[in-house]
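Here's the structure we're looking at; comments come further down.
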Amino acid sequence: MSWDWNVVEDFMPRFWDGVLVTLQALVIGTLIAFVLGLVWALAQRSSQAWVRWPVTAVTEFIRNTPLLVQLFFLFYVVPNFGPSMSPLTTGIVGLGLHYSTYTAEVYRAGIGGVPVGQWEAATALSLSKGRTWRAVILPQAIRRVVPPLGNYVVAMLKDSPMIATIGAFDMLGEAQAFSNETFTTEALTVVGVAFIVVAYPASLLIRALERRLVR
Amino acid sequence: MMSSEFFTTWFLPGIWVTIQVTVYAAALGAAIAFGIGLARTSRLWIVRFVAGVYFEVFRGMSALVLMFWMFFALPLFGWQLVPMWAGVSALGLTYGAYGSEIVRGSLAAVAPAQREAGVALNFTRWQRLRLIELPQAWPEMVPPFNNLLIELLKGTALVSVITVADMTFAGNLLRLGTNETTPVYSLLLVLYFVLAFLITRGMRVVERKAKAGIGQTPQKTGFITRKLSARGESVQAGSQSAGGMG
């Protein structure tokens, strides 16, 4: 086995294209996951059983089935009776949807972790419902929620190469295409190293956040 | 719709392959989780350091990229792996790294007085671990291991990408053959959900046994739900720490 730096150099421009696509998927996917997760979490706290039950069932189903198969489903099945999306859009929607079921649990635990006494105190002070959430519950819930949410962003980064399997040109997609064209494997190694280089500082950052926020 | 011939030649063996990959990867992952998890509590800094590096590298790695690398790049270094073993090793190595954090965290959560009592009774380090710490840490490990096992089951779908004929691979073959996508992928999702459900039920039994072993009764939980309690999530935030699962 010979390692050829020239191959790496040839791959670099396409690597950066891939990085951009991966980042795009990650950022938009994260936004979807954070917002949709909050929707699921609030729906699961609803007092109406007909809202609570279906939402719980759907999120449990999505969380317990593989993202890869969900991506295939979105890409090959949904166009039969719905909108047909580009590989990248499908990937973003899939990532966001899949991880929203995880973030829902995080929000649920964060809100549930606020001591009951806090709710009672807010009632005793006759704070309005909006004021209770804004001034009492959410500030305390946020502290518990941020570190695990950060963890899921890193987890999403590591799952993002799956969108290459439906033809998106993220880091792995670019590496695969390049390797097939040139019969080399250096590109795959570069991508593998890139993941560690990004994920390690990110996890250090989350640990620092955790120390600051969770006391 | 899928013919019965296709079903028996590809789909049923595919389910079996998925189960096999899950079991082998879980066995490899468990061995690594305990090995690395214990090494990270070692007294020698060099052992802790090496185990820590392993943990950071494989937790930072995407399982799919690692699998591709083992399948396509490793042969050029002179090791040709059978696709299935490339998949099993990639899954076992990554999920073992996550598991090591569970082992380390649960061992650290055993009350210090228990360890001190062991010291006072003149137990060796190994005796302490085997007779005092692990039996108390084990029930704490089971629920997070259940979550990890389900992540692993979901991860096995990735082996279809490196041509291992698991059930996702069978589903993709059928798509290419017939263009009938709706029934295939719906069936696949349901099958994975059923397998995940069976794992959760199985682990519930293990947990009950483990808790009974140290004289505790497990708290009652819902039928399907494997939801983390509020405490579970905050413990996860505290001990499982950055990087998350998956």
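Right, A:Leu188: without any contact (Cβ under 8 Å) to a residue 24 or more places away in the chain, out of contact with any strand residue (DSSP E or B) (no Cβ under 8 Å at 6 or more places or on another chain), at the interface with another protein chain (Cβ under 8 Å from one of its Cβ atoms) and crowded, with 23+ Cβ neighbours inside 10 Å or not? It is true that A:Leu188 is without any contact (Cβ under 8 Å) to a residue 24 or more places away in the chain, out of contact with any strand residue (DSSP E or B) (no Cβ under 8 Å at 6 or more places or on another chain), at the interface with another protein chain (Cβ under 8 Å from one of its Cβ atoms) and crowded, with 23+ Cβ neighbours inside 10 Å.
Evaluate the stretch A:150-171: report whether one residue or more is charged (D, E, K, R) and outside any helix (DSSP H, G or I). Give the derivation first.
Applying the first criterion (charged (D, E, K, R)) to the stretch A:150-171 yields A:158-159, A:170.
Of the ones still in play, those that are also outside any helix (DSSP H, G or I) are A:170.
Yes, the stretch A:150-171 contains a residue that is charged (D, E, K, R) and outside any helix (DSSP H, G or I).
Scan the stretch A:75-86 and give yes if some residue there is out of contact with any Gly (no Cβ under 7 Å at 6 or more places or on another chain), at the interface with chain B (Cβ under 10 Å from one of its Cβ atoms), surrounded by 17 or more Cβ atoms within 10 Å (Cβ to Cβ) and not hydrophobic (A, V, I, L, M, F, W, C), otherwise no.
yes
Given the residues B:Phe34, B:Phe55, B:Phe49, B:Phe68, which is the only one that is within 22 Å of A:Met156 (Cα to Cα) and modelled with pLDDT of 90 or more?
B:Phe55
Can you spot a residue in the stretch B:224-244 that is modelled with pLDDT of 85 or more, of a type in the set (Val, Ile, Thr) and within 25 Å of A:Val153 (Cα to Cα)? For the stretch B:224-244, residues modelled with pLDDT of 85 or more, of a type in the set (Val, Ile, Thr) and within 25 Å of A:Val153 (Cα to Cα): absent. Taking the stretch A:32-88 as the range and being farther than 30 Å from B:Asp166 by Cα, without any contact (Cβ under 8 Å) to a residue 60 or more places away in the chain and small (Gly, Ala, Ser) as the test, the residues that pass are A:Ala43, A:Ser46, A:Ser47, A:Ala49.
Pairs are defined by a Cβ separation below 8 Å, a sequence spacing of at least 6 or placement on different chains, a first member in the stretch A:138-166 that is more than 10 Å from chain B (Cβ to nearest Cβ) and closer than 16 Å to A:Gly112 by Cβ, and a second member that is part of a helix (DSSP H, G or I) and hydroxyl-bearing (Ser, Thr, Tyr); the pairs so defined are A:Ala141/A:Tyr107. Taken together, the criteria place A:Leu71 among residues that are more than 8 Å from chain B (Cβ to nearest Cβ), hydrophobic (A, V, I, L, M, F, W, C) and under 23 Å from B:Leu174 (Cα atoms). Within the stretch B:50-65, being more than 10 Å from chain A (Cβ to nearest Cβ) and either in contact (Cβ under 8 Å) with a residue 12 or more places away in the chain or more than 24 Å from A:Ala194 (Cβ to Cβ) (or both) holds for B:Ala51, B:Gly52, B:Tyr54, B:Phe55.
Does B:Leu81 qualify as being more than 30 Å from A:Val153 (Cβ to Cβ) and free of Cβ contacts under 8 Å to residues at least 24 places away in the same chain? Spelling it out, B:Leu81 is indeed more than 30 Å from A:Val153 (Cβ to Cβ) and free of Cβ contacts under 8 Å to residues at least 24 places away in the same chain.
Answer yes or no: is there a residue in the stretch A:11-24 that is among the basic types (Lys, Arg) and surrounded by 15 or more Cβ atoms within 10 Å (Cβ to Cβ).
yes
Does the stretch B:156-165 contain any residue that is away from chain A (no Cβ under 11 Å) and hydroxyl-bearing (Ser, Thr, Tyr)? Among the residues of the stretch B:156-165, at least one is away from chain A (no Cβ under 11 Å) and hydroxyl-bearing (Ser, Thr, Tyr), which makes the answer yes.
The values are calculated or read from the model by the stated rules, or taken from the named source; none is laboratory data. A quick note: this is a predicted structure, and the numbers were derived from the prediction, not measured. Glycine gets a Cβ as well: all are built from the backbone with ideal geometry, and neighbour counts include every protein chain shown.
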